[in-house]
Amino acid sequence: MGPEFQLIDAFVAAAAASPRGPRGPGDDAAVLPRGRGEICVTVDAVVEGVHFRRASSRLEDVGHKALAVNLSDLAAMGARPRWALVALGVPRGFRIADARRLGAGFGALARQSGTALVGGNVTRAPGLALTVTVGGEVAPGRALRRSGARPGDRVWASGTLGDARLGLALLERRGGPEARRLRGAPRLARMAIERQRRPVPRLALGAALVGVASSCIDLSDGLVQDARHVAAASGVALDLDGGLLPVSRALVAAYPDGRARARAAASGGEDYELLFTAPAGREAAIRRLSGRLGLELTRIGEVRRGRGVHLRGTGTARVHGFDHLA
Ligand SMILES: [Mg+2]
């Protein structure tokens with residue numbers, strides 16, 4: 001057995017997927033039970049030097065994030081996660097202990113979310129890369145889509161926006177203006193860094209929005225960038241109010257100027273919150289849902305006839321989506 005097998009074995013053992021999950025890994029292919037609903041499947045990669053740097057990341061966090069970004073896509077569809085497949089690319093010098101730490105971060109989120117790790121593969125690569133495929137289940141015909149927004153619907157966002165981007169700025173530019181302004185508030189700084197390293201997929205919210213939301217997307221590239229996908233798929237315009245964007249105390253401290261703050265909230269990527277639209281009559285149900293989940297849900301705009309995303313209250317500067325480490 002070559003060292004590659006030992007690496008994937010160490011990863012899988014540390015990930016210790018849900019014992020009641022479908023069979024696998026261990027055979028040539030995983031055997032999955034036929035579900036009652038429809039299956040949502042998605043794949044995403046987390047790559048060293050593009051999505052994270054080894055120097056500023058713990059391997060447990062990389063394992064967590066590789067699964068979290070995929071689960072976030074299932075959340076956006078309103079699907080419940082069932083299984084995951086992992087393809088690992090590992091550089092020379094990657095040790096068994098490293099594979100265990102990667103697996104431990106992946107496994108903690110897998111167990112918490114009811115995701116069974118059903119198979120894996122490993123190859124040599126110039127840098128560490130995890131490509132994760134996840135499958136989830138949703139009732140037939142009920143998956144949330146990007147194409148369902150209609151004029152008159154309200155636009156909503158979960159949680160707070162811009163924190164993950166702020167966390168990256170704090171990690172990458174220790175002498176930067178954000179780091180200087182947060183020097184006296186280490187707890188706020190840690191919160192933002194945590195959101196960058198360990199995003200929380202909004203699975204319970206996504207599942208609860210089935211039958212409530214008219215469209216949904218997860219916020220991976222930044223609010224405006226991702227909202228454009230909804231506008232295009234639905235053939236409508238989204239009017240967003242920069243003054244209504246939900247922000248954390250960390251963002252307020254890092255960007256004292258309101259317009260700069262709104263721009264940070266509108267352009268920051270990797271928050272993995274959900275953006276969704278719903279008919280105006282659903283507002284009370286959404287506020288009840290917010291209370292039940294203990295998750296802030298904020299009305300940030302409206303859907304109207306037209307095209308594109310229109311953001312008020314951020315000054316004249318253009319708001320760009322977030323290009324990972326670019
Ligand atoms: Mg997505």
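Here are a few things to note about the model shown:
- Net charge dipole, segment 167-326: roughly 460 debye, given to the nearest 20, about the Cα centre with Cβ charges of +1 for Lys and Arg and -1 for Asp and Glu.
- GNM flexibility winner over the chain from Phe94, Phe52, Phe106 (Cα, springs under 10 Å): Phe94
- Distance between the C-alpha centres of segment 258-303 and segment 53-115: 27 Å, rounded to the whole angstrom.
- Exposure check, 1.4 Å probe, all protein chains in place: Arg180 carries approximately 130 Å² of accessible surface.
- Computed from Cα positions, the angle between helix 3-15 and the longest principal axis of the chain comes to roughly 60 degrees.
- Area accessible to solvent at Ile300, 1.4 Å probe radius, in Å²: 0 Å²
- Selected from Arg100, Arg36, Arg202 as most flexible by GNM, with the chain as the system and alpha-carbon contacts under 10 Å: Arg36
- Charge-dipole axis of segment 269-311 as Lys and Arg at +1 and Asp and Glu at -1 on Cβ define it, positive-most pick from Phe276, Ser290, Gly306: Gly306
- Cα-centre dipole for the chain with unit charges at Cβ (Lys and Arg positive, Asp and Glu negative), debye to 20: 760 debye
- Residue-level accessible surface for Arg190, protein heavy atoms, 1.4 Å, Å²: 150 Å²
- Equivalent ellipsoid, segment 169-326 (semi-axes from 5 times Cα gyration tensor eigenvalues, Å): 27, 19, 14
- If you wrap the tightest convex hull around every Cα atom of segment 130-237 and split its volume per residue, you get 144 Å³.
- For the chain, the longest principal axis of the alpha carbon atoms and the long axis of helix 186-197 meet at an angle near 60°.
- Helix 96-113 axis, angle to the chain major axis (alpha carbon atoms, nearest 10°): 50 degrees
- Peptides 37-46, 155-164, 80-89 ordered by packing proxy, namely the average of other Cβ atoms within 10 Å per residue, highest first: 155-164, 80-89, 37-46.
- Long-range tail of P(r) for segment 77-186 (Cα pairs > 23 Å, %): 59 percent
- Dimensions in Å of the chain - Rg and Dmax from alpha carbons: 20.0, 61
- Computed over the alpha carbons of segment 264-316, Rg followed by Dmax gives 13.4, 38 Å.
The values are calculated or read from the model by the stated rules, or taken from the named source; none is laboratory data. Keep in mind the model is a prediction, meaning the values are calculated, not measured. Note that we place each Cβ from the backbone using ideal geometry, even for glycine, and neighbour counts take in every protein chain shown. Please note that ligands, DNA and RNA were not included when accessible areas were found on the heavy atoms of the full protein model with its side chains. Shrake-Rupley method; radii C 1.70, N 1.55, O 1.52, S 1.80 Å.
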